[in-house]
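Comments concern the structure below.
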Amino acid sequence: MVDQIIEYIRNNKQRFIDELIEFLKIPSLSAQSRHKADCERAADFVRKQFSQLGLDAQLHPTAGNPIVTARHTSPENKTTVLIYGHYDVQPPEPLDLWTSPPFEPRIEGDNIIARGATDDKGQLFTHIKAVEAHLKTNARLPVNLIFVIEGEEEVAGVHVSEFIRTHRDDLKCDVAVVSDSSQYAPNMPALCYGLRGICAQEIRVQGPKQDLHSGSFGGAVANPVNVLCQMIAQLKDESGKIRIPGFYDDVLPLEQWEREAFAALPWDDEAFRQSLGVKALHGEETYTSIERKWARPTLDVNGIFGGYNGEGAKTIIPAWGGAKITMRLVPNQNPQTISRLFRDFIRKITPPTVEVSFIDHSSCGPVIVKRSAPFVAEALESLRRGFGAEPVFIREGGSIPIVLTIQQELNVHALLLGFGLPDDNAHGPNEKLSLTDFERGIRTSATFFHLCAQK
């Protein structure tokens with residue numbers, strides 16, 4: 001039966017691509033209110049895809065963009081798989097860097113180029129077409145399926161998390177799958193088993209009640225932008241180690257198998273350096289570049305602001321200065337604990353000449369899935385069969401907040417099965433997806449359903 005499913009996928013690949021093109025034409029930009037109707041149109045496109053396959057598909061209105069759910073259940077099936085995805089996309093600007101209009105999909109060689117190709121419409125579509133392949137060849141699915149497809153992932157919307165919390169009984173499952181990541185490299189499929197969390201803070205250093213003439217008052221009062229820079233310089237030492245007391249207390253050390261697995265991956269520091277255009281790489285001593293960017297916590301200044309930034313000179317002592325800072329967290333660090341430690345340290349090093357205040361921005365905890373977790377073996381075998389190559393274990397330095405929500409609210413492991421590539425330009429100009437990997441993703445998803453039923 002699996003051979004028939006794979007044959008169906010092969011025979012219908014062009015139609016699948018044609019349907020994906022129609023999906024990619026919809027400018028479902030959640031960040032721009034003028035595209036709200038387009039987001040609703042994309043949601044309805046997804047709903048119709050499910051309905052045409054006979055799934056119980058529904059649109060759930062929210063204060064933002066609608067959430068699409070689809071369900072297939074059978075009393076014969078013992079396993080329930082939940083699949084999460086999103087139909088919204090990033091704004092395409094700057095448009096002048098695209099080689100073709102972002103919402104006029106173009107095929108170039110093996111790639112389809114369009115906004116949303118890899119993040120996340122193309123990857124989401126693999127699971128829908130895997131469902132079709134099963135139903136058209138076998139008239140049934142081997143597992144129960146629940147789809148939750150949102151339209152606000154790109155703006156860190158809260159509505160899908162609220163939806164999962166309030167519908168947790170309806171969303172009970174044995175395992176969840178998220179395809180919003182990538183392989184390690186071409187022909188190197190990967191199971192991503194770890195994500196870093198994030199704690200985002202903004203600090204504001206207040207000096208005089210208003211901007212002052214730097215000639216008349218300079219030297220008599222502290223410049224809050226100068227003070228801010230001095231404070232920021234105390235956050236890390238020269239090697240990059242974070243100096244906040246207690247920051248590393250809860251860090252889960254890398255296991256030996258992880259360090260060995262990372263070391264076995266093809267990696268070239270010099271090529272990495274050149275690709276970034278930096279003079280030299282930098283980071284904590286005793287850790288490799290992969291370990292630093294996947295499995296070690298960080299603290300980065302995202303922006304510093306204050307004073308005069310217009311054309312020409314303006315000789316002032318600014319009234320205030322500000323900075324936005326994010327800290328990437330690793331298992332078992334807690335965003336709330338890190339926020340408290342960060343603020344305590346900033347207050348401690350704030351001189352008496354200024355006042356400091358804080359703004360909390362986004363935060364989420366890190367994620368780790370053990371190799372022995374349920375359905376990990378099935379996921380690896382699905383990748384092995386779907387791609388015809390040996391999969392590898394990887395981590396990802398970024399954050400996907402919904403993964404933690406799924407794991408905490410539904411008490412299941414969320415498996416990250418990414419079918420894109422690291423150079424797919426997600427969020428950037430000329431976003432793309434390999435059509436070969438699109439087909440491989442469908443095969444992997446279809447195989448995963450089959451293997452989960454055998455568990």
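Out of 63, 43, 70, which single residue is surrounded by fewer than 18 Cβ atoms within 10 Å (Cβ to Cβ), of a type in the set (Gly, Ala, Ser) and within 27 Å of residue 402 (Cα to Cα)?
63
Can you tell me which residue among 59, 53 is farther than 15 Å from residue 25 by Cα, among the hydrophobic types (A, V, I, L, M, F, W, C) and touching a Lys or Arg at 6+ places or on another chain (Cβ under 6 Å)?
Answer to the check: 59.
From 117, 37, 31, which residue is part of a loop (DSSP other than H, G, I, E, B) and exposed (fewer than 13 other Cβ atoms within 10 Å of the Cβ)?
Testing whether each residue is part of a loop (DSSP other than H, G, I, E, B) and exposed (fewer than 13 other Cβ atoms within 10 Å of the Cβ) leaves just 31.
With the condition kept exactly as written, say whether any residue in region 86-104 is surrounded by fewer than 24 Cβ atoms within 10 Å (Cβ to Cβ), touching a Phe, Trp or Tyr at 6+ places or on another chain (Cβ under 8 Å) and not aromatic (Phe, Trp, Tyr).
yes
Tell me which of these residue 402 doesn't satisfy, since it passes every other one: (1) touching a Phe, Trp or Tyr at 6+ places or on another chain (Cβ under 9 Å); (2) without any contact (Cβ under 8 Å) to a residue 60 or more places away in the chain.
(2)
Rundown of residues vs (1) closer than 19 Å to residue 176 by Cα; (2) in the same structural domain as residue 106 (by TED's automatic domain parsing); (3) buried (at least 23 other Cβ atoms within 10 Å of the Cβ), yes/no style:
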{"position": "412", "(1), (2), (3)": "yes, yes, no"}
{"position": "416", "(1), (2), (3)": "yes, yes, yes"}
{"position": "422", "(1), (2), (3)": "no, yes, no"}
{"position": "427", "(1), (2), (3)": "no, yes, no"}
{"position": "430", "(1), (2), (3)": "no, yes, no"}
{"position": "436", "(1), (2), (3)": "no, yes, no"}
{"position": "439", "(1), (2), (3)": "no, yes, no"}
{"position": "443", "(1), (2), (3)": "yes, yes, yes"}
{"position": "446", "(1), (2), (3)": "yes, yes, yes"}
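Scan region 272-283 and give yes if some residue there is over 20 Å from residue 320 (Cβ atoms), more than 23 Å from the chain's Cα centre (by Cα), among the aliphatic types (A, V, I, L, M) and surrounded by fewer than 12 Cβ atoms within 10 Å (Cβ to Cβ), otherwise no.
So far as region 272-283 goes, yes, one or more of its residues are over 20 Å from residue 320 (Cβ atoms), more than 23 Å from the chain's Cα centre (by Cα), among the aliphatic types (A, V, I, L, M) and surrounded by fewer than 12 Cβ atoms within 10 Å (Cβ to Cβ).
Would you mind listing the helices (runs of 4 or more DSSP H) fully within region 192-278 where at least 1 residues are in contact with a Pro (Cβ under 6 Å, 6 or more places away or on another chain)?
Qualifying helices (runs of 4 or more DSSP H): 224-233.
It is to be established whether one or more residues within region 302-311 are under 26 Å from the mean Cα position of the chain (by Cα) and either within 30 Å of residue 219 (Cβ to Cβ) or assigned by TED's automatic domain parsing to the domain that holds residue 391 (or both).
Checked region 302-311: at least one residue is under 26 Å from the mean Cα position of the chain (by Cα) and either within 30 Å of residue 219 (Cβ to Cβ) or assigned by TED's automatic domain parsing to the domain that holds residue 391 (or both).
Among 357, 289, which is the only one that is surrounded by fewer than 16 Cβ atoms within 10 Å (Cβ to Cβ) and small (Gly, Ala, Ser)?
Among 357, 289, only 357 is surrounded by fewer than 16 Cβ atoms within 10 Å (Cβ to Cβ) and small (Gly, Ala, Ser).
Does any residue of region 420-430 turn out to be free of Cβ contacts under 8 Å to residues at least 60 places away in the same chain and more than 25 Å from residue 103 (Cβ to Cβ)?
No.
Buried (at least 17 other Cβ atoms within 10 Å of the Cβ), over 30 Å from residue 77 (Cβ atoms) and not assigned by TED's automatic domain parsing to the domain that holds residue 78: which single residue out of 221, 227 fits that description?
When all the criteria are applied, what remains is 227.
Check region 366-382 and report whether any residue there is within 19 Å of residue 299 (Cα to Cα), among the acidic types (Asp, Glu) and touching a residue at least 60 places away in the same chain (Cβ under 8 Å).
Within region 366-382, none of the residues are within 19 Å of residue 299 (Cα to Cα), among the acidic types (Asp, Glu) and touching a residue at least 60 places away in the same chain (Cβ under 8 Å).
Assigned by TED's automatic domain parsing to the domain that holds residue 262 and closer than 26 Å to residue 230 by Cα: is that true of residue 283 in this structure?
So residue 283 passes the test.
Just one of (1) within 30 Å of residue 342 (Cβ to Cβ); (2) surrounded by fewer than 13 Cβ atoms within 10 Å (Cβ to Cβ); (3) over 25 Å from the mean Cα position of the chain (by Cα) trips up residue 211, so point out which.
Looking at each condition in turn, residue 211 falls short on (2).
Any chance you could count how many residues in region 169-191 are assigned to a strand (DSSP E or B) and crowded, with 20+ Cβ neighbours inside 10 Å?
Here the count works out to 7.
Mind listing whichever residues of region 81-126 are within 23 Å of the chain's Cα centre (by Cα) and among the hydroxyl-bearing types (Ser, Thr, Tyr)?
84, 87, 118, 126, listed by residue number.
How many of the residues making up region 120-153 are within 21 Å of residue 41 (Cα to Cα) and not in a strand (DSSP E or B)?
Total meeting the criteria: 13.
The values are calculated or read from the model by the stated rules, or taken from the named source; none is laboratory data. Nothing here was measured: the structure is a model prediction, and the numbers come from that model. A quick note on method: Cβ atoms are made from the backbone with ideal geometry, for glycine too, and the neighbour counts reach across all protein chains shown.
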